[in-house]
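Data first, discussion second: the structure below is written as structure tokens.
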Ligand code: PMV
């Protein structure tokens, strides 16, 4: 059995930031192992995060999750599947009491599954007395949520889809420290409440019914290469071009699914135009949108104030949130 690095108390507490993909993950190569069909590149945020406590509970027969103060029996299977992987590594059978809190809306297209699974893996690692490498953490987090593999790391992060049948080469790695290129993000919240179609079923529907899905997958390697090069060169215009193109291709594949996946509302589209107008006027900003109606405006250093002032005036924008780039999942 692994030895404990937390005084043997069987408790771990961790914080992980949400991340937004600039080159997106959409579709799975292996649903059971949760191996993505494509690689992706993201930024990890500092002010949108999940804090999770995992406490080993020999009195429990099943794992127990409390999220944002509410018991979530419906998420029990997902939680246990992730904890089972850590239990197997630690060679223990004890169930856990998990308490998690997002400081931003859950399941609304703001990457709560990414920060949630990354924080869970990091906290459970400590509770089970394991000492994992960052790569092992990333592989475990991936099995809970594909994008969570990236929230293990801070700053700019690349997720490799991998080719190994067992998923052992499907993990994320840091590309560039956030301090090296301190971009900021303004998030325009255009709807509150949980989205109707989660990313897991959205991906399956796109892969099985969208005529554009194959083209989406085929187009990913050049987008990854362009984004990697832009990040390496701190070339904001080049990153803006590939990120917006990649985002719109993902949504094009989703829109063409049957039945269609329309994650946007009217305000989403208005924000997208507002960001494009700002950039045409010389403000270094670009948009990205995930499986939800919120718009994330990624700003070069110094541009955030003007982007906030503009998005604030867009009809239908309910709230703005801002964030700098942040660290990877860490104990707290
Ligand atoms: O990791 P999941 O299953 O929540 O899927 C994430 C999908 C997108 O957010 C739309 C894209 C991405 O790469 O984060």
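With the convex hull drawn around the C-alpha atoms of the range 237-332, the volume per residue stands at 138 Å³. Across all directions, the shadow cast by the convex hull of the range 189-260 built on its C-alpha atoms averages 5.9 square nanometres.
Give the angle, between 0 and 90 degrees and rounded to the nearest 10, that separates the Cα long axis of helix 76-90 from the longest principal axis of the Cα atoms of the chain. Rounded to the nearest ten degrees, it is 60. Each of 332, 247, 271 was scored by other Cβ atoms within 10 Å of its Cβ. Arranged with the fewest first, they read 332, 247, 271. When Rg and the Kirkwood radius Rh are both evaluated on Cα atoms of the range 35-108, their ratio Rg/Rh stands at 1.03. Return the single residue from 12, 162, 266 with maximal mean-square fluctuation; model: Gaussian network over the chain, springs between Cα atoms under 10 Å. Maximum fluctuation in the GNM of the chain, among the listed residues, is at 266.
Assuming a viscosity of 0.692 mPa s and a temperature of 37 °C, what translational diffusion coefficient in µm² per second does Stokes-Einstein assign to the range 102-168, Rh being the Kirkwood radius over Cα pairs?
Working: Rh = 12.5 Å.
Calculated translational D: 263 µm²/s.
P(r) for the range 99-231, from all Cα pairs and a bin width of 10 Å, is 11, 32, 41, 16, 1 %, short bins first.
Considering the chain at the alpha-carbon level, its Rg and Dmax are found to be 19.2, 62 Å.
Using 5 Å bins from zero, what percent of all Cα-Cα pairs in the range 254-296 falls into each bin? Per 5 Å bin, starting at zero, the Cα-Cα P(r) for the range 254-296 comes out as 6, 23, 24, 20, 14, 8, 4, 1 percent. The angle between the Cα long axis of helix 220-233 and the longest principal axis of the Cα atoms of the chain comes to about 80 degrees, rounded to the nearest 10. Taking the helices alone, the chain has a mean residue ellipticity at 222 nm of -11500 deg cm²/dmol, built from -39,500 (n - 2.57) per DSSP H run of at least 4 residues and averaged over all its residues. Roughly how many nanometres apart are two label points built 7 Å out from the Cα toward the Cβ at residue 233 and residue 88? Inter-label distance under the simple model: 4.4 nm.
Read the figures in this text as sums done on the coordinates, not as results from a lab. Because the structure is a prediction, the values reported are computed rather than measured. Cβ sites come from the backbone with ideal geometry, for glycine too, and all protein chains shown count toward neighbours.
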